[in-house]
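Down below is the structure, laid out as structure tokens.
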Amino acid sequence: MGREGLDPTSARCPDGRPGALPLTPARSEGSNLQINIVGPGNMGRAIAARALTGGHSVCLVHPDADRGRAAAAELKQRFPDGETGSATAAQAADMTVLALPYDATLEVAGSARATLAGQVVVDICNPVDFATMDSRVTPADTSAAEQIQQIVGTDAKVVKAFNTTFAGLLTTGEGHGFPLDVLIAGDDSAAKAKVAELISSGAMRPLDVGRLPRARELEALGFLLISVQQPLELNWQSAIKILP
Ligand SMILES: NC(=O)c1ccc[n+]([C@@H]2O[C@H](COP(=O)([O-])OP(=O)(O)OC[C@H]3O[C@@H](n4cnc5c(N)ncnc54)[C@H](OP(=O)(O)O)[C@@H]3O)[C@@H](O)[C@H]2O)c1
């Protein structure tokens, strides 16, 4: 069993029919990613929970040391055997997840550029105008992920992921009896493989949807999913699932 309540290798529909494609956790024996999670908010803590489920080490980053420590302590209670730490800035690591609002994501990508060199940088943001809810805030011919790649330079490999999964379901990695599908886009195959490993070891299904510019469609999809929550009374408990 990959985690409480759901065996990802035999997911079934609530009525007992076979559910999603069988999943084989892709984590190779002994593989342990060191992962910074910048922004210990709803998404940062949910991704940290998935990473700890997969046996990876997480460092929760917030400029206020107490905030990072508090989030790490909360996770330690849930995952007593997991390696959990905190810091006030991103550290040397295999991967840094920028679990931040769009503006802060761009800002931190710039200020941490030297540390991020050589790392996989995961952009999860939905660059939506949350005041009006009527548009995205990126220029029309790009995406937040491509902007971040420009900022961090070619020594860091940006992967878009998790922007179409809501924090509530991500905490457990499943929704309505199915492992979550996590759509990822990026230009570097090795970087995408590491993100896929984080996802599948956390008992979810990674789906590679293409190169980094595909983040434009992922961000549009994220915007659509956000915008239908209230009118369709989905209460942030919905997920994108690609069948089979
Ligand atoms: N919530 C979702 O279901 C969901 C789903 C998909 C994608 N996303 C995307 O995920 C990102 C995070 O969303 P969220 O819901 O997790 O937001 P959140 O709960 O507000 O968390 C954001 C975290 O970032 C921290 N932060 C802000 N500026 C920072 C900085 N410069 N350095 C370090 N930490 C900083 C915040 O700390 P303070 O409290 O001190 O500001 C907070 O802990 C957003 O881009 C969102 O679009 C969210």
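Residue check: is Arg136 closer than 21 Å to Thr88 by Cα and either touching a His at 6+ places or on another chain (Cβ under 7 Å) or in contact (Cβ under 8 Å) with a residue 40 or more places away in the chain (or both)? It is false that Arg136 is closer than 21 Å to Thr88 by Cα and either touching a His at 6+ places or on another chain (Cβ under 7 Å) or in contact (Cβ under 8 Å) with a residue 40 or more places away in the chain (or both). Could we say that Val122 is within 13 Å of the ligand (Cβ to nearest atom), touching a residue at least 40 places away in the same chain (Cβ under 8 Å), crowded, with 19+ Cβ neighbours inside 10 Å and in a strand (DSSP E or B) here? Yes: the conditions hold for Val122.
When Phe162, Phe166 are screened for being at positive phi and within 15 Å of the ligand (Cβ to nearest atom), only Phe162 passes. Of the residues making up region 210-244, those that are on the phi > 0 side of the Ramachandran plot and within 16 Å of the ligand (Cβ to nearest atom) number 2.
Per the conditions (1) within 13 Å of the ligand (Cβ to nearest atom); (2) of a type outside the set (Ser, Thr, Tyr); (3) out of contact with any His (no Cβ under 9 Å at 6 or more places or on another chain); (4) outside any strand (DSSP E or B), the sole criterion not satisfied by Leu60 is (4).
Only one entry in Gly44, Gly68, Gly55, Gly39 is surrounded by 21 or more Cβ atoms within 10 Å (Cβ to Cβ), over 23 Å from Thr164 (Cβ atoms) and at pLDDT 95 or above, namely Gly68. The residue that is surrounded by the most Cβ atoms within 10 Å (Cβ to Cβ), among those in region 125-139 that are over 14 Å from Ala215 (Cβ atoms) and among the polar types (S, T, N, Q), is Ser135.
The values are calculated or read from the model by the stated rules, or taken from the named source; none is laboratory data. Quick caveat: nothing in here was measured; it's all calculated off a predicted structure. Here the Cβ is made from the backbone with ideal geometry for all residues, glycine too, and neighbour counts use every protein chain on show.
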